[in-house]
Amino acid sequence: MSIIAQYGDVFIILASIFGFFMAWGIGANDVANAMGTSVGSKAITIRQAILIAVVFEFLGAWLAGGQVTETIRKGIIDPTLLTEEPQLLVYGMLASLLAAGLWLLIASTRGWPVSTTHSIVGAIVGFAVVGLGFDAVSWPKVGKIAASWVVSPLLAGTIGFVLFRSVQLLIFENRDPFAAAKRYVPGYIFLVGFIISMVTLVKGLSHVGADFSFIESLLISIAIGVAIMVLGIFLENRVNRDKKRRGDSFGFSSVERIFGVLMMFTACAMAFAHGSNDVANAVGPLAAVISVVQSSGEIGKAAALPWWVLVLGGGGIVIGLVTYGHRVIATVGTGITELTPSRGFAATLAAATTVVLASGTGLPISTTHTLVGAVLGVGLARGMAALNLRVLGTIIMSWLITLPAGAGLAILFFFMFKGMFG
C-alpha cells in the first residue's frame, strides 16, 4: 500500500501521459481507418473528416463507450488476485499503454492499419501472464474478444456485400440511375440514422440520466431516422444532373455526387461507432490506474471517472489524426480497392453497424478488422480482380505481428516499472 501512497501522483501523471500517447496512436491509425473510406472515395475532405471525428468520436465515447471501458479496465485480468499487491496492476496498465502507444507509432509511420484493440489487449494479456501468472487472465473473456476479431470482419464484409449489391440492383442497373438514386438514397439515409440511434438507445443511456424501454427506443430511433432523412433529401435536392460530362450517358457522375451526400452521414456514423468502442483502449487502463490510486490501493472499488479523462482521450485522438492520419487513410481509402462514394457508403455503414452492435455487448472488437472486412466485401461484389491482394497481404501480416509485438513490449516495460518503483 505504501508504494501507492508514496507515488500515487506520479502514477496518475505517467498514466495520463501514456494515455494521451495511446490516444494519439488511435487518432493516427484507427480514426484514419474510420475516415479512410470517406476520404478515399473523395466524398469528404481531410478537414471535414477531422471536424466530423472531433464531434462524433467524443459523442460515441460519452454515450456508448462505458461498457467497453469496463471490459478493458477490469474484464481481462482477475482483480481479486491483486488485492495484496495493487501496485502490480498499476505497473501493468502503465506498461500496456506505453507498449500499445509505441507499437501504434511504429505502425502509423509505415502506413499499416493495425488494430488498437489488438495492441492494448495483447499488451494487458502479455504483462499479466508473465508478471502475475497464467491464472491472472480471464481466458473465457479473452476467448470471446479473440472470436469477435474473426466474426466482426466476416459480418461487416457480408453486410457490405449485401448493401453494395442492393445499390447495384436498385440504382446502377436502373434505366435512369440518377432518378433511381434520388428515389432510394433517402431510404439508405434513414437506415444510417435508425441503426445508430437504435443500438445506442437499446444499450441504455442510464449513465447520462436516460433509460428507455425497447418500444420507446424504437419510436425515438424512427423519429431520428426520419429527421436525418429529411435533412438528406434537402441536401440531395441541391445535386443536379451533370450533362456536361462526355461518355457519361447514364449520369453515373451525378449519382456518385448524390452518394457523396450520403457519405457525410455514414462518416458521422462511423466516427460515433469508433468512439463508442475504441476510445476505451486509451481510457480503460488510465481509468484503472486512477481507480487504484484514488481508493488507496483497493482493487475493484467503484471510482467515478474524472471528466478530464475523456477530454484527454478525445484531444489525443484529434491531434493524432491531424498529424499522422494521412498515411493510413491512403492505405485504407485507396490501397485495397478503388472506392467511389457509393462503394464507400456500403463499406462504412456495414462497419459502423457491426461496431455499434459490438459496443452494445461490451466487446472491444477491432474497428480496423471490421472496416477492412467491409471494404473487402464491397470489392468482392465487383469481383476478385477489383482487390489489391499485395496490399491486403501486408495488412494481414501487420495484424498477425500486432499481438506479440504489444505483449512483448508490455512485458519489457512492466519489469522496467517494477524495477524503478518496486
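Does Gly133 satisfy the criteria of being surrounded by fewer than 18 Cβ atoms within 10 Å (Cβ to Cβ) and in contact with a Leu (Cβ under 8 Å, 6 or more places away or on another chain)?
Yes: the conditions hold for Gly133.
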So which residues in the stretch 126-156 are farther than 25 Å from Ala351 by Cβ and either of a type in the set (A, V, I, L, M) or not in a helix (DSSP H, G or I) (or both)? Ala128, Val129, Val130, Leu132, Gly133, Ala136, Val137, Ser138
If you go through the stretch 156-179 one residue at a time, how many are among the small types (Gly, Ala, Ser) and free of Cβ contacts under 8 Å to residues at least 60 places away in the same chain? 2
State which residue pairs qualify: first residue more than 18 Å from Leu102 (Cβ to Cβ) and inside the stretch 391-404, second residue of a type outside the set (Ser, Thr, Tyr) and part of a helix (DSSP H, G or I) in any location, beta carbons under 6 Å apart, and separation of 6 or more residues or different chains. Val391/Gly335
Filter the stretch 36-57 down to the residues that are within 13 Å of Ala271 (Cα to Cα) and modelled with pLDDT under 75 and list them by number. Gly36, Thr37
With respect to the numbered conditions (1) at pLDDT below 80; (2) surrounded by 23 or more Cβ atoms within 10 Å (Cβ to Cβ); (3) not small (Gly, Ala, Ser), which one is the sole condition not fulfilled by Phe414? (1)
Of (1) surrounded by fewer than 20 Cβ atoms within 10 Å (Cβ to Cβ); (2) at pLDDT 80 or above; (3) assigned to a helix (DSSP H, G or I), Ala288 satisfies every one except (1)
Go over the candidates Val279, Val283 one by one and state the one that is within 20 Å of Ile120 (Cβ to Cβ) and modelled with pLDDT of 80 or more. Val283
Residue that is modelled with the lowest pLDDT, among those in the stretch 1-35 that are of a type in the set (Phe, Trp, Tyr) and more than 15 Å from the chain's Cα centre (by Cα): Tyr7
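The values are calculated or read from the model by the stated rules, or taken from the named source; none is laboratory data. Bear in mind the structure is a predicted one, so any value in this text is a computation, not a measurement. Cβ sites come from the backbone with ideal geometry, for glycine too, and all protein chains shown count toward neighbours.
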